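So the structure is just underneath, and the comments pick up after that.
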Amino acid sequence: MLELEASRDLSKIWLHTDMDAFYAAVETLEDPSLKGKPLAVGSMSMITTASYEARKFGVRAAMPGFIGCKLCPGLVFVRPNFERYTHYSELTRKVFQSYDPSFIATSLDEAYLNITSVCIERSITGEEVATELRAAIHQETGLTCSVGVAPNRMIAKVCSDINKPNGQFILPNDREAVLTFVYTLPIRKIGGIGKVTEQKLRQVLGISTCQEMLQKAAFLCALFSECSADFFLSVGLGLGGTETPKQRQRKSIGCERTFIATDDSSLLFEKLANLAENLMDDLQKEGLKGKTLTLKLKTADFEVRTRAVTTRGYINSKEDILIYATKLLKAEMPLSLRLMGLRMSQLHDEKDDSSTSTQKTIDIFFRSSNSNLNVNGTNVQSITNISGQDNGPISVTTEDGYLVPDSGTGASTDQQDFFVHDESIFIPEQRNLVNYNNEAVLSNPVIGDGLGGAKIDDVTHTAKVMNSEKLDDVGQFISHEATASSGKPGQQLWIDGYICSICGFELPPGFEEERQEHSDFHFAESLQQEETVDSKRPICSERLAEKQCSTTPSPKKKLAEKQCSTTTPSPKKKLKSSKGGKHIPIDAFFAKCKKNL
Ligand code: DCP
Ligand code: MG
């Protein structure tokens, strides 16, 4: 308790404002004939709020409407109209803004304002601010609100309820005043103490008022977690939040539309353009740009697919968004869709100069240090855009960012939220595949091919097939690659046309250059791993030299064939060698290759 007491801060003045019978008041304002009548906003099954006239009969929010009718036979019902409430809420927020630009809105009709600066700058009291603010809100909206002023948010909220409706209550910034106020206060009045907690505390410990929290402090500490006990004791001491919590940075921004299922491609691209425009508006409204664009699709069969692309630079114009979105959608065509969504993550604030990144990406690093090495110098996290365009795509992610930490930071949670409401069959399976493949990469990079025909629906099955191949046919991947690489090397790696069979990384068919590089990356990786297994073998650098000297696939084929002809290490041996610390860092590996050139 002493520790808590030491944290008491009486230097701030907080104001809590709560609109009176908000929905009902808005409805009455819009339809003055309702004035003075017992009014319920909602339906026979549920009431969202009741006018003060109806409350006299016991009609309350969250009460079934038919009970309200029993309590108050003349009860008038109005259906909720959320657009209206949002409109009026925005009007109130304009007023709040002028008193505290960092005000905390906790619902459409409630907000906390730190009025300390206003009081100091204008040499006025909290009471004067409260009176002025209530008048301003009434003038702006025609609605009334009630206000509480106190040294912290917890008490300010209790205070705003004391003289409801259309009233205010001010608690001075004085320790004795605060303690006196909370001592007799019923615990149920405190935000965070609901019906269940109240009953537990009252029935088990005999605690009904805040003062009794302090009297029974030992029980609270013994029976509850430290966190809960701290909270209860803070309540008893009248302590609450005094600092404005730091605003959580927005992680992503997006929009989606549901429509009647259609496979008309021109209609789908039209809808995509609308989405791109909406996304642009939303991004620009908030002064944001983004780097990872995710396209969400729900097919006519309710299968949810997501495809994402990470651009080199930050974008927020409709044109830029549409370039990437179109590429992603085209790769999925033809298909019949009932929903499309676009989401931008990896955001940065346009105003924030420091985030205009000038940091070298790893691919630029490799390109500048040795242009011959750039292809092999790429990795899954940063795939070089050979075309060299400024805003060229550098990587394509899975929707959860598993494989691309770069885009996964921060975005993943939001991106997962993006799918919360969808019955997704595809995504969990895709994750299985990704997890499986990650595992495979760690334990054994050698995975069989021949999966090109696998359907999305068969992904789980595919993983099983791959698993058995992994166990039984160690070394087959290189062998398969050798066979396939007589055509285009790397193409055999794409399960169902877009999922890398080694790491689960997604690259739709539209991203040919990136696919090529991705395959090259795995190729270099496999060479490196071989070197790890037997660092004495000179063949590895030889192979890379051959590969780097040529842009045609044939040397690669030769290399793969050479690899094939060498004794393929057993998985056990590989595992042992990687654990044995023989792993050569990638930069040392390339330096060695460069020397050989
Ligand atoms: N609301 C809701 N469902 C609830 C409670 C409230 O939909 N269970 C809506 C309707 C309210 C609005 O939220 O108008 C604000 O909630 P309040 O608790 O602030 O209630 P009121 O503003 O209606 O009345 P009061 O004067 O008590 O603040
Ligand atoms: Mg209210």
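FRET efficiency for the Glu83 to Lys330 pair, using the beta carbon distance and R₀ = 30 Å, is estimated at 0.25. Counting heavy atoms of the protein chains alone, Lys164 has an accessible area of about 50 Å² for a 1.4 Å probe.
Rounded to whole numbers, the Karplus 3J(HN,Hα) couplings from phi for region 34-51 are 7, 4, x, 8, x, 10, 10, 9, x, 9, 4, 8, 8, 9, 8, 7, 10, 5 Hz, using 6.51 cos²θ - 1.76 cosθ + 1.60 with θ = phi - 60°, and x at Gly and Pro.
R0 = 22 Å: FRET efficiency of Asp263 with Glu319, Cβ-based, nearest 0.05? About 0.25, to the nearest 0.05. Were the residues from Glu176 through Phe57 laid out at 0.36 nm apart, the gain over their Cα-Cα distance would be 39.0 nm. To the nearest 10, the accessible area of Arg338 is 60 Å² with a 1.4 Å probe.
Legend: calculated FRET efficiency, Glu243 to Asp301, from the Cβ-Cβ distance at R0 = 35 Å, rounded to 0.05, equals 0.10.
Computed on protein heavy atoms with a 1.4 Å probe, the accessible areas place Met340, Met280 in the order Met280, Met340, largest first. Just the protein heavy atoms count here, and of the accessible area of region 216-297 at 1.4 Å, carbon and sulfur take up 50 percent. With the whole protein complex present, Arg250 retains an accessible surface near 120 Å², based on a 1.4 Å probe.
Suppose each label sits 7 Å from its Cα in the direction of the beta carbon; what would the Val204-Asn166 distance come out to in nanometres? Label-label distance for Val204 and Asn166, simple model: 4.5 nm.
Region 249-288 and region 16-30 have Cα centres separated by 34 Å. Per residue, region 189-267 exposes 62 Å² of solvent-accessible protein surface, assessed with a 1.4 angstrom probe and all protein chains in place. Accessible area ranking (1.4 Å probe, heavy atoms, ligands and nucleic acids excluded), largest first, for Asp281, Asp320: Asp281, Asp320.
For the residues Ser123, Ser160, Ser7, Ser317, a 1.4 Å probe over the protein chains yields an accessible-area ranking, largest first, of Ser123, Ser7, Ser317, Ser160.
Are any of the pairs Lys94/Lys164; Lys94/Lys296; Lys296/Lys318; Lys12/Lys285 more than 25 Å apart by Cα-Cα distance, and if so, which? Cα-Cα > 25 Å for Lys94/Lys296; Lys12/Lys285; rest within. Solvent-accessible area assigned to carbon and sulfur over region 1-139 amounts to 57 percent, based on a 1.4 Å probe.
Taken per residue, the accessible surface of region 1-126 reaches 52 Å², heavy atoms only and a 1.4 Å probe. Take the Cα of Ile124, step 7 Å toward its Cβ, do the same at Arg188, and the gap between the two points is 3.7 nm.
Going 7 Å from the Cα of Gln284 in the Cα-to-Cβ direction, what parts of region 304-332 have a backbone nitrogen less than 20 Å from that spot? Zone members listed by number: 313-326.
The values are calculated or read from the model by the stated rules, or taken from the named source; none is laboratory data. If you're wondering where the values come from, they're calculated on a predicted model, not measured in any experiment. In this analysis, Cβ positions are derived from the backbone assuming ideal geometry, glycine residues included, and neighbour counts consider all displayed protein chains. Only protein heavy atoms, including side chains, enter the accessible area calculation; ligands, DNA and RNA are left aside. Shrake-Rupley method; radii C 1.70, N 1.55, O 1.52, S 1.80 Å.
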